[in-house]
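See below for the structure under consideration.
The values are calculated or read from the model by the stated rules, or taken from the named source; none is laboratory data. Please read all numbers here as calculations on a predicted model, not as lab measurements. Cβ atoms come from the backbone with ideal geometry, glycine included; neighbour counts cover every protein chain shown. Accessible surface areas use protein heavy atoms only, side chains included; no ligands, DNA or RNA. Shrake-Rupley method; radii C 1.70, N 1.55, O 1.52, S 1.80 Å.
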Amino acid sequence: MSEAAARPAAAPPVSVLFVCVHNAGRSQMAAGFLTHLAGDRVEVRSAGSAPGHQVNPAAVAAMAEVGIDLSDRRPKLLTTAAVRSSDYVITMGCGDACPFFPGKHYRDWPLADPAGRGIEAVRPIRDAIRARVEELIAEIDSSRRPGRGTG
């Protein structure tokens, strides 16, 4: 038996879909943080109710302050296939607008609307998202430890 055959196959990365129906900037910020903090351990996607040409410029600027570039990200259309193929589905105040499939890990992260416009209004949302993403990474990591189930 070859050495490669003797090693167990690496578990595929956990797939996380962030959904924000009305504000693509929120799902993009969450996806940006998770990609930045978890690296290739997690497959990250984000979606909304309509494709967009760009993410909110204030969200791009707020994320640039913490070293994450969202300038080339484009919101994707929410599809049933995207939800079905994700292990975790994180909605941001729009859980009732997202298809439900048994066996998935669903979370709803309601976030306050910004009190104003521009980067100053987005910073508190960005920081709340970062804290939630760090909690999510800890949850994903603990569920993938040897001897523990992923469900």
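Evaluate the following for Asp108: is it surrounded by 10 or more Cβ atoms within 10 Å (Cβ to Cβ), modelled with pLDDT of 85 or more, within 17 Å of the chain's Cα centre (by Cα) and closer than 15 Å to Leu17 by Cα?
yes
May I ask you to verify whether Arg132 is touching a Leu at 6+ places or on another chain (Cβ under 8 Å) and modelled with pLDDT of 90 or more?
Considered against the rule, which asks whether it is touching a Leu at 6+ places or on another chain (Cβ under 8 Å) and modelled with pLDDT of 90 or more, Arg132 comes out as no.
Taking Asp127 and the conditions (1) within 15 Å of the chain's Cα centre (by Cα); (2) modelled with pLDDT of 90 or more; (3) within 15 Å of Ala24 (Cα to Cα), which numbered condition does it fall short on, given that it satisfies the others?
(3)
Let's see how each residue does on (1) in a helix (DSSP H, G or I); (2) touching a Ser or Thr at 6+ places or on another chain (Cβ under 6 Å); (3) farther than 20 Å from Arg130 by Cβ:
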residue	(1), (2), (3)
Asp72	no, no, yes
Ser86	no, yes, yes
Val89	no, no, no
Pro99	no, yes, yes
Pro102	no, no, yes
Arg107	no, no, no
Ala112	no, no, no
Ala115	no, no, no
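Residue check: is Glu43 out of contact with any His (no Cβ under 6 Å at 6 or more places or on another chain), among the charged types (D, E, K, R), surrounded by fewer than 14 Cβ atoms within 10 Å (Cβ to Cβ) and modelled with pLDDT of 80 or more?
Here the answer is no, as Glu43 does not meet what is asked.
Tally time: how many residues in segment 76-98 are closer than 22 Å to Pro13 by Cα, without any contact (Cβ under 8 Å) to a residue 60 or more places away in the chain and open to solvent by less than 50 Å² (accessible area, probe 1.4 Å)?
Of the residues in that region, 1 qualify.
Check segment 55-67 and report whether any residue there is open to solvent by 30 Å² or more (accessible area, probe 1.4 Å), in contact with a Lys or Arg (Cβ under 8 Å, 6 or more places away or on another chain), at pLDDT below 85 and in a loop (DSSP other than H, G, I, E, B).
No.
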